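Taken together, the values in this text are just the output of simple stated rules run on the coordinates, not laboratory data. Computed from a predicted model, the values in this text were never measured in an experiment. Using ideal geometry, Cβ is built from the backbone for each residue, glycine included, and neighbour counts are taken over all protein chains shown.
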Amino acid sequence: MGKIGLIYGSDTGMTEEVVGSIVDSWTASEIEVIEAHNVSKSDFERFDKLILGLSTWYDGDLQSDWEDYYDREFQEIDFTGKTVAIFGLGDQYGYGEYFVDGIGILAQVVLKNGGKLIGKWSNKEYDFESSKAQVEGEDDFFYGLALDEDNEPDKTPERLEKWLEQIKNEFGF
Ligand SMILES: Cc1cc2nc3c(=O)[nH]c(=O)nc-3n(C[C@H](O)[C@H](O)[C@H](O)COP(=O)(O)O)c2cc1C
């Protein structure tokens, strides 16, 4: 079983904290963490299983490192044969029109470039107006796990635990 590559970007450290919890649930031989500002095409080529983590900023923009990488190279990554899970942080009350948009922006590229997305997550427990993370044609689901550390930090451990169990299954662990 190949390692999982976990690629993440975080502006104020909230996503980074979640990455710490995710890493704790795997052994060191099962997962490798790379920050989005250091990532390159060859990193994507090394992994068949990927977890992408990011926050959303400034009315629906990608976290800054992801935004740079998106413009530079991300849209050219070939995801054929790769299984990808995405999680995103956002603020459903402060930015309810753009809640966790970053999940959807990355998900669209993964799907367009041949990847398989796992880790879809019900959006019913969130209070938001609109989101690019919503699965096209399946209104009740996000393309990945949404976490709101600004308003619901108490719900994060349980959401994360459930989602990790789900993706472990879907990855085939
Ligand atoms: C100026 C500003 C803009 C933001 N814009 C959005 C947004 O458009 N959508 C959203 O869901 N969250 C938005 N957020 C919330 C952040 O995504 C959230 O605080 C997140 O936990 C930050 O994670 P990080 O520290 O890993 O970057 C914004 C926060 C700030 C301060």
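Work through the residues other than residue 105 whose Cβ is under 11 Å from its Cβ and net out their charges, Lys, Arg +1 and Asp, Glu -1. Each step should come with its number before you reach the end.
Working: positive: 132; negative: 61, 67, 101.
It works out to a net charge of -2.
Hey, what number do you get for the chain at 222 nm if only DSSP H runs of n ≥ 4 count, each worth -39500 (n - 2.57), divided across all residues, to the nearest 500? Walk me through the intermediate numbers first.
Values: 5 runs with 54 residues, N = 173.
That comes out to -9500 deg cm²/dmol.
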Just need log10 I(q)/I(0) for the range 9-94 at q = 0.12, 0.16, 0.25, 0.26 Å⁻¹, Debye formula, equal scatterers on the alpha-carbon atoms, no solvent, rounded to two decimals. -0.37, -0.67, -1.45, -1.50
Each residue of the range 50-56 in order: what ³J(HN,Hα) in whole Hz does its phi give by Karplus 6.51 cos²θ - 1.76 cosθ + 1.60, θ = phi - 60°, with x for Gly and Pro? 9, 10, 10, x, 6, 10, 10
Given the candidates 57, 79, 107, the one whose Cα lies deepest towards the positive end of the charge dipole of the range 1-115, counting +1 at each Lys or Arg C-beta and -1 at each Asp or Glu C-beta, is 79
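To the nearest 20 Debye, how big is the dipole of the range 1-52 about its Cα centre, given +1 on the beta carbon of each Lys and Arg and -1 on that of each Asp and Glu?
Numbers: 4 positive and 10 negative charges, 45 e Å.
It comes to approximately 220 debye.
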Give the long-range amide H neighbours of residue 141: residues separated by 5 or more places, or on another chain, with amide H under 5 Å away, using H modelled in the peptide plane at 1.01 Å from N. 123, 135
Karplus-derived HN-Hα couplings along the range 63-79 (A = 6.51, B = -1.76, C = 1.60, θ = phi - 60°), whole Hz, x at Gly and Pro: 3, 4, 5, 5, 4, 4, 5, 4, 6, 7, 8, 3, 5, 9, 5, 8, 9
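Ranked by Cβ crowding within 10 angstrom, fewest neighbours first, how are 118, 51 ordered?
Working: 118 19, 51 27.
So the residues, fewest neighbours to most, are 118, 51.
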Residues 74, 79 arranged by fewest to most Cβ contacts within 10 Å: 79, 74
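With 10 angstrom as the radius, rank 82, 41 by how many other C-beta atoms surround their C-beta, starting from the fewest. Working shown, then result.
On the way: 82 20, 41 13.
Placing the least packed residue first, the sequence is 41, 82.
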What does DSSP give for the chain in terms of the percent of beta bridges that are antiparallel, rounded to the nearest 5? 20
Run the dipole for the chain about the Cα centre, Lys and Arg Cβ at +1, Asp and Glu Cβ at -1, nothing else charged, and hand back the magnitude in debye, nearest 20. 920
Taking the chain as a Gaussian network, Cα atoms linked when under 10 Å apart, which of 60, 96, 137 shows the biggest mean-square fluctuation? 137
The answer for residue 132, listing residues at least 5 apart or on another chain whose modeled amide H is closer than 5 Å to its amide H, is 101
At q = 0.14, 0.17 1/Å the base-10 log of I(q)/I(0) from the Debye formula over the alpha-carbon atoms of the chain is -0.65, -1.01
What are the residues whose amide H is under 5 Å from the amide H of residue 57, where those residues sit 5 or more places off or on another chain and H is modelled from the backbone? 62, 63
Please check: in the Gaussian network model of the chain (C-alpha springs, under 10 Å), which one of 36, 28, 107 has the largest mean-square fluctuation. 28
Per-residue HN-Hα couplings for the range 161-171 [Karplus 6.51, -1.76, 1.60; θ = phi - 60°; Hz; x = Gly/Pro]: 4, 5, 5, 5, 4, 4, 6, 4, 4, 5, 6
With only alpha-carbon atoms counted, please give the Rg and Dmax of the range 19-65, in Å. 12.5, 38
